[in-house]
Amino acid sequence: MRKIITAAVIAVISLCALLCACNISADSSLKELTKPYITRYECTRAEWGGQNFLDGYEYIRITLADESNMELSYKKPGESEHKFNCRYNYDQTTGELTAEGTALGIKMRESVKIENGKFTISLPLLGKQLVMDFES
C-alpha cells in the first residue's frame, strides 16, 4: 500500500512539473492571455507632409484601456499632458482596430491593422499626409 501511495505522489509531482513547463509567467494577466492588443502603444515615428514632428514631444501614446475605450495622450517638454478619449472596436479575426472620435469639430473614423504589436496611421490632414507609427 505504501508503494502505491508513493507512486501516486511521484505521478502527481511529475504531472505538476510538466504543467509548470508552459511559458505563462507569473506576471501574466488574464487580459494579456486573452486580449493581448489591450495595451499601451508608443509613437515611434510622426511625420506630417514629410516633416518629422515627433522630436517636439516627450511622448505620444495610444492606450487601449479595455475592450472599447482608448486614450490618446501626448506631452510636450515643459507642458502638461494632454488626453483625449474615444471608443474603438477590434476584430480579433482580422486584427483591425477601428476608432471613432471628433477632432476640430469633425467626426472622424479610422481603421488600422495591428500586426506584431505595431500599426501605422496614415491619413490626409489639412492637405498634407499624416503618418504615425506605433508599437507596444
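The numbers here are math on the coordinates, done by the rules we state, and not lab data. Just so it is clear, the model here is predicted, and its values are computed rather than measured. Virtual Cβ from ideal backbone geometry, glycine too; neighbours counted across all protein chains shown.
One table, with the values for the structure above:
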| read-out | value |
| --- | --- |
| Projected label distance in nm at residue 66 and residue 84, using a 7 Å step from Cα toward the beta-carbon | 2.3 |
| Residue exposure sequence - 112, 131 - by fewest surrounding Cβ within 10 Å | 131, 112 |
| Ranked list, fewest to most other Cβ atoms within 10 Å of each Cβ, for 106, 38 | 106, 38 |
| Taking 57, 41 and counting other C-beta atoms within 10 Å, the order from fewest to most | 57, 41 |
| For the range 85-92, Karplus couplings with θ = phi - 60° (6.51, -1.76, 1.60), whole Hz, Gly/Pro x | 10, 7, 9, 8, 10, 10, 9, 5 |
| Charge dipole (the range 41-114, unit charges on Cβ, about Cα centre) - positive-most of 106, 46, 63 | 106 |
| Residue 123 versus residue 109: modelled label distance in nm, points set 7 Å from Cα along the beta carbon direction | 1.1 |
| Unit charges on C-beta of K, R, D, E only; dipole of the range 27-135, Debye | 300 |
| Filter on 75/107; 76/118; 83/107; 35/83; 35/107 - keep pairs with C-alpha separation over 25 Å | 35/107 |
| Kirkwood Rh and Cα Rg combined as Rg/Rh, the range 81-136 | 0.97 |
